[in-house]
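Q: One structure follows; several queries about it will come next.
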């Protein structure tokens, strides 16, 4: 793989963030909505869906930013190691 293959453009990044937020929002809404349905019936389901969507948006942003920072620091350390520990024949004594 070349360096260019690993690079994400702004549109790819935006789509990745959007997909993560939507997935987290749907999963959070369903889980908390079903819990609300079991506890308080139809009104609990509606309230659970709203709270699940809100928590899902926040959770999706948090997960996306965590994965992005991990990818950045992983790349940073691999670039650092490559530049510091790459030996050339002239460096050996």
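Laboratory data are not the source of any read-out in this text; all were calculated from the coordinates shown. All of these numbers come straight from a predicted model, not from anything done at the bench. Cβ placement follows ideal geometry from the backbone for every residue including glycine, while neighbour counts extend to all protein chains displayed.
Q: Using a Förster radius of 35 Å, what is the FRET efficiency between residue 30 and residue 8 based on their Cβ-Cβ separation? Nearest 0.05, please. Let's see the in-between values first.
A: Working: r = 29 Å, r/R0 = 0.83.
Here the calculated transfer efficiency is 0.75.
Q: How large are Rg and Dmax for region 11-70 when calculated on the C-alpha trace, in angstrom?
A: According to the Cα coordinates of region 11-70, Rg and Dmax are 13.2, 42 Å.
Q: Oh, and also: How would you order 40-49, 26-35 from highest to lowest mean count of nearby Cβ atoms within 10 Å? Don't skip to the end; give the middle numbers.
A: Values: 40-49: 14.9, 26-35: 17.0.
Per-residue Cβ counts within 10 Å, averaged per peptide and sorted highest first, yield 26-35, 40-49.
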